[in-house]
Amino acid sequence: MTDPLWSETELAQALGAPPSAPLSAAVAGVSIDTRTLAPGDLFFAIQGETSDGHDYVARAFAAGASACVVAQTRARELAAHGPVFAVDDTLRAMERLGAAARARTHARIVAVTGSVGKTSAKEMLRVALAKAGPTHASAASYNNHWGVPLTLARMPASSAFGVFEIGMNHAGEITPLVAMVRPHVALVTTIAPVHIEYLGSIEAIAEAKAEIFTGVELGGTIVLNRDAPQFALLERRASLTRKVVSFGADARADGRLLHFEPEGEGAAVRAVLHGREIAFRLGAPGLHMAQNAVGVLLAVEALGADVAQAAAALAEFSAQKGRGARFTLHGPGGAFTLIDESYNANPVSMRAALALLSATNPGAGGRRIAVLGDMLELGAGGAQAHADLAGDLARHNVDLLFCVGPLMRRLFDAAPPAMRGFWAERSADIAPSVFDAARGGDVVMVKGSLGSAMGPVVAALRSHFSLAPAGE
Ligand SMILES: Nc1ncnc2c1ncn2[C@@H]1O[C@H](COP(=O)(O)OP(=O)(O)O)[C@@H](O)[C@H]1O
Ligand SMILES: [Mg+2]
């Protein structure tokens, strides 16, 4: 049997309370959601916005939880179901366990933030560092006030590397999270007007991202995107305390992308890192992914891992669900390609996705079709930001445009008449017109903010047209 993630003694110490009874099983993992709880997990009953984890304690034990961490006020009643740790505040207790995980590990730690590209860079770091040693990384986008401590609490003591995604919607959110993670290396993928509604300006966004520098260990390194807006501001803040390295197209960058060429499902990339040229295959398409990859390799280097080995591993990185994953679908008119970019959207990632569509060649008789939903949280400039994409449509050779939502109406109206397919208020009403339009050889790219529900459009297309077997 492998070592338990946490011993009973370690838990009692970190949580500040002994269990009400000996644990029913060794602690193999940590969970805050009974729907994904695995046998042996320690379950933290967290009070969420809509539900209270304390209502799921019985279910957690039924699913095989080794113990539950609950509020003192509920402990007596819930201990009837199994061993519980009674604590003042369950979220604070999970933070304490996270801090204990950080304190006991000898792993080299990297934290990733940025307006877009966090999860992609985090997954690249996972596959790259795994070649050098046991690597623990955040699940999905677990980057907030519960995601970060949960990821820490799940980190095995024997990890050689830890990879953490840190996000924010408001100023002040990154500071406490990075203080828990205490990374040796921090990577800021890029700065863009995302969540500008809450932050007010691009400077304010950069300032909020700069909070990540406060938690970087002494002697650590900060990796910055030299081409991103506000680079100078970030560099000023970062270089006060830590070493800074940069990536981008700028000639002064420590990591420079020299050459990028789409190649099947991925790309052939050449870059130069501190004067050393390196060629590798990246398993996901899109110039923006290659840019992220150069930042990732600088982070790998700063962590002390083998850069050549890491670069070779990036062939195994594949586009994530909703972030450029591709499918071949079969319609009556023949096979066509679906690019799923439905996970989220803002002006920067939208332009990157249009560039991706442009770089994908349709088959014989095929066209480039963009199916776009509203980009949300853009504040007062939101409507204009949509209309401003009109030039990008032409520049990226879009042949046919479908739009969803009141903001995208602005883009639809600004697009050349010949490009206009159909506009719908809600995403549920767009799929049938896309079904009708799709022909053999087409490339269909679907993108929009999460709240615009473009994911269901992808799902509708996939179920309407038979999915080709993997490998095609
Ligand atoms: N460097 C980048 N520039 C522009 N868009 C990007 C970049 N990196 C990723 N994206 C796009 O942004 C969206 C979100 O990517 P993701 O890696 O999930 O970022 P995050 O975790 O920051 O939300 C995806 O559509 C992705 O293709
Ligand atoms: Mg993310």
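The values are calculated or read from the model by the stated rules, or taken from the named source; none is laboratory data. If you're wondering where the values come from, they're calculated on a predicted model, not measured in any experiment. Positions of Cβ are generated from backbone atoms using ideal geometry, with glycine treated the same way; all protein chains shown enter the neighbour counts. Accessible surface areas use protein heavy atoms only, side chains included; no ligands, DNA or RNA. Shrake-Rupley method; radii C 1.70, N 1.55, O 1.52, S 1.80 Å.
Structure summary
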{"read-out": "Every residue from the stretch 96-123 that is assigned to a helix (DSSP H, G or I) and more than 16 Å from ligand 2 (Cβ to nearest atom)", "value": "ARG96, LEU97, GLY98, ALA99, ALA100, ALA101, ARG102, ALA103, ARG104"}
{"read-out": "Pair list, Cβ < 9 Å and 6+ apart or interchain, from the stretch 221-246 residues that are under 23 Å from VAL348 (Cα atoms) to residues that are within 16 Å of ligand 1 (Cβ to nearest atom) and aromatic (Phe, Trp, Tyr)", "value": "VAL223/PHE247; LEU224/PHE231; LEU224/PHE247; ASN225/PHE231; ASN225/PHE247; ARG226/PHE247; ASP227/PHE247; SER246/PHE231"}
{"read-out": "Condition check for GLU77: away from ligand 2 (no atom under 16 Å from the Cβ), open to solvent by 10 Å² or more (accessible area, probe 1.4 Å) and not in a strand (DSSP E or B)", "value": "yes"}
{"read-out": "In the stretch 1-56, the residues that are of a type in the set (Val, Ile, Thr), assigned to a loop (DSSP other than H, G, I, E, B), free of Cβ contacts under 8 Å to residues at least 60 places away in the same chain and open to solvent by 30 Å² or more (accessible area, probe 1.4 Å)", "value": "THR2, THR36, THR50"}
{"read-out": "Residue check, ALA139 part of a loop (DSSP other than H, G, I, E, B), open to solvent by less than 50 Å² (accessible area, probe 1.4 Å) and within 14 Å of ligand 2 (Cβ to nearest atom)", "value": "yes"}
{"read-out": "Test: PRO134 is more than 26 Å from ALA206 (Cα to Cα), touching a Leu at 6+ places or on another chain (Cβ under 7 Å), away from ligand 2 (no atom under 16 Å from the Cβ) and not small (Gly, Ala, Ser)", "value": "no"}
{"read-out": "Hits in the stretch 57-74 - residues which are assigned to a helix (DSSP H, G or I), open to solvent by 10 Å² or more (accessible area, probe 1.4 Å) and within 20 Å of LEU5 (Cβ to Cβ)", "value": "PHE61"}
{"read-out": "Unmet criterion (only one of (1) outside any loop (DSSP other than H, G, I, E, B); (2) more than 15 Å from ligand 2 (Cβ to nearest atom); (3) among the hydroxyl-bearing types (Ser, Thr, Tyr); (4) at pLDDT 95 or above) for SER159", "value": "(1)"}
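Each row is one residue, and each column tells you yes or no for (1) assigned by TED's automatic domain parsing to the domain that holds GLY248; (2) within 16 Å of ligand 1 (Cβ to nearest atom); (3) among the small types (Gly, Ala, Ser); (4) farther than 28 Å from PRO134 by Cα.
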{"site": "ILE166", "(1), (2), (3), (4)": "yes, yes, no, no"}
{"site": "ASN169", "(1), (2), (3), (4)": "yes, yes, no, yes"}
{"site": "PRO183", "(1), (2), (3), (4)": "yes, no, no, no"}
{"site": "LEU187", "(1), (2), (3), (4)": "yes, yes, no, no"}
{"site": "PRO193", "(1), (2), (3), (4)": "yes, yes, no, yes"}
